[in-house]
1. Using a cut-off of 13 Å between beta-carbons, work out the net charge of the residues near Pro266 (Lys and Arg +1, Asp and Glu -1, Pro266 not included).
2. Report ³J(HN,Hα) in whole Hz for each residue of region 418-426, in order, from the Karplus equation J = 6.51 cos²θ - 1.76 cosθ + 1.60 where θ = phi - 60°; Gly and Pro get x.
3. How high is the relative contact order of region 46-103, in percent, counting Cα pairs under 8 Å that sit 6 or more residues apart?
4. Quick one: dipole size for the chain, taken about the Cα centre, charges +1 on Lys/Arg Cβ and -1 on Asp/Glu Cβ, in debye to the nearest 20.
5. How large is the accessible surface per residue of the chain, computed with a 1.4 Å probe and reported in Å² as a whole number?
6. Once region 399-526 is represented by equal point scatterers at the alpha-carbon sites, with solvent omitted, what log10 I(q)/I(0) does the Debye formula produce at q = 0.19 Å⁻¹?
7. In terms of modelled amide H atoms, which long-range or inter-chain residues lie less than 5 Å from the amide H of Arg553?
8. Using a 1.4 angstrom probe on the protein heavy atoms only, could you order Val273, Val737, Val514 from most to least accessible area?
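The values are calculated or read from the model by the stated rules, or taken from the named source; none is laboratory data. Only a predicted model underlies this, so the values are computations on that prediction, with no experimental measurement involved. Please note: Cβ atoms are built from the backbone with ideal geometry, for glycine as well, and neighbour counts cover all protein chains shown. Protein only, heavy atoms only, side chains kept; ligands, DNA and RNA dropped before computing areas. Shrake-Rupley method; radii C 1.70, N 1.55, O 1.52, S 1.80 Å.
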Amino acid sequence: MIKKYRLFIHVFWIILSGLIIFAPPSFAEDWENDDCLLCHGDKDSLPEGRPELFVDISYFDDDNAAHAGMECIDCHADIEDLPHAEKLAKVNCAECHDDVQEIYDSSIHAHPLIEGTTGETASCVSCHGHHEIYPADDPRSTVNHHNLAQTCVRCHEDQAIIEKHQLPGQETIQSYILSVHGSSNVEDLESTAATCNDCHGWHDIQSHDSADSSTSRQNVVKTCGQCHDDVVEEFYGSVHGALGKEGNPDVPVCTDCHGEHTIRSPEDRQSTVSKYHISETCGRCHENQEIIDKYNIPIASPSVMYRDSVHGKALAEGSNNLAAACQDCHGHHSILGGSDPASMVNREHISKTCGQCHDKIEDTYERSVHGQAVAMGVRESPVCTDCHGEHQILSHLDPNSPVYSLRLAKEVCSRCHDSMVVNRKYDLPTEKVSTYFESYHGLATRLGDTSAANCASCHGVHDILPSSDPESSINPANLIQTCGHCHPEASEQFVAGLVHVSAEDPGNTVIFWVRRIYVALIVLTIGSMLLHNLLIVFRHIRDKYQMQKGVPRVQRFPGVALVQHILLSIFFIVLAVTGFSLTFPESIFTQLMVKYLYLAEDTRGLIHRICGIGLTITAIWHILTILVTRRGHQELKALTFKFRDLRDAFQNVMYHIGLAKTKPKFDRFDYSEKLEYWAFMWGTVVMIVTGLIMWFPAFIALHFGMGKIWVDVATVIHYYEAWLATMAIIIWHFFFVVFHPEEYPMAMSWVTGELSVESMKERHPEELERLIREGKVRPEVLRESETPAEQGEDM
């Protein structure tokens, strides 16, 4: 219709313009909306690309319109004539909305305008529109609850604006649409779920890091509380909220757990607070070492441990979507410390908390002796977490679980039943754990037999009851059935009598006296056998000593060397015994030493140190003898390794396995004696140095600047060097001086310093030949040692 009369309208406009030119000035104040709409009501007459200049005439007839009844010149006050100038002054909304303008001026959107910088920023028309402005409760309004997000994304989804003003990326808006709030608004036109202004505000929007922002950490809980007031009240009663009210900056707030725009329902698998992700969410703080150290949080890595637990794995693997996660045990918003009586993880509530899933076990446990004790306020009585652990709960079939069959007695039950404090306080038997481990069942489990009975096999798992209870598995009337699980042929005679039997308990009269008789019998019998055999050995040693008196001999070692050897032997043996007794305090040997020789720790330590000083002095004496005496220089030269030692070792091995016809001819010391000597020297120095570091750690640290790490290193070296030296003495040295066929029952040279000429021919022929050449062994002595056959050969 307008197109048909376009020419008429143009003519009319020319005539009207002429009238206006010759009209009095006051006529401009009488312009009406119809006058403006002659142009602005015709889309075809407006410049291309300026759709905002079009005004729908019906808007001014709509009583619901925000500006219904207003004239165009009320806003465009600078229009004095028509047609007006091409560029008009910006409309000043503050002339009517000065209170809103004052709020807006302090917002983040107004900053570029106030500072006079160019660039895009949200102004009144950016959000409310140009002409067709409706109240926020009108569905046609651009700032209506269901339209506001689309209005905001005009800028916040514009990549150019995002990059220019360093705004959050497009995914922020997209994630809101997928969130529990956004999806609710999209799917339900009646929804009042939070939209942009509910969280960020209307005209007073601030940067999120501003203290005045409704989305800052200081204010976000209050902002969320506009809708979730019940949750906020619950949160402020929690351990987190209580600290938050004090202004603690590290306390998690709503957005830390739920996210900002990506808030999803806890039932949504992608939600940060769903069962599948809550451990990671909680772990952001509880795995943060700075926070752990700052607040002295005693439990480290709870989230990591949880993910390794039977619960965490069940969720991750999808085998049980109902498996417990953090919030199932600690609560959602009402998290309290374990010491708080109202906490879900307080000892008094643990069984009920676990019973949310394990209700049958809860009922069984609460009827047990442990559950009843907890109900009476006995704080030492075990609850679920004492046996199964807290975060890293493992299956009872997992070898790393504390309730695994091989670990149960030692790592769970013994913590209470082997405690002197607990046993005395509640008048419990004191030897139940030790007698179990001494029994066949206990010994078998210590050797890795998973089928052997443990504590739970007899007493039950969660249904532990005193033996006097008719329902107890260890009640006399039920023992046949209990024992019958492993022993199908169990009878009344089989189950009769005591179970935890201590042979040292005088109350067990028969067993007590049988033990004492057998101990006496063992001491008498074995002692007699040992004495008998020692008499035989000593006789052979004496005979060998007497026999060697009548044969030609060569003096190999001086008396000072014999004394040094005897002292070193005594000190070494005592050091080994007293040292290993500290390392293995529970060994039978150590227990016998303590019980019968009264070598308690203070006495043992004193003896060990005295012998250590003796070994050090003797070693220094020996080294000085080697360095300052002529004979010592000769011994040192003889003990030096040469290439021929390698050749001799190879030939000796070949001879003894039958691949060489003759043995090598050794000089004063063969390769085995050299090896042993230098091993002794090295080991002695190492043991002395590490022993002094362990003995005087504070002095060493003060004067030599060595930290504790070096004390620990010295301890490790001292321990393993002791093993090396002891095993070398037993396997190498004792063989050559005791068990070697040529020396048994004992080499006499360590006592006399002498070796028979016959032995010299066999073991050190080169040394014997040199001694003869030097005149240190007379030829007639050599002939005296020859047999008649050898003498005949000489003739």
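1. Charge balance in the 13 Å sphere: 0.
2. So the Karplus estimates, Gly and Pro as x, are 10, 8, 5, 5, 5, 5, 5, 5, 10 Hz.
3. Relative CO of region 46-103 lands at 17 percent.
4. 8920 debye
5. Numbers: 51040 Å² over 795 residues.
The answer is 64 Å² per residue.
6. After summing over all Cα pairs, the log10 values are -1.26.
7. Hits under the 5 Å cutoff: Val757.
8. Val514, Val737, Val273
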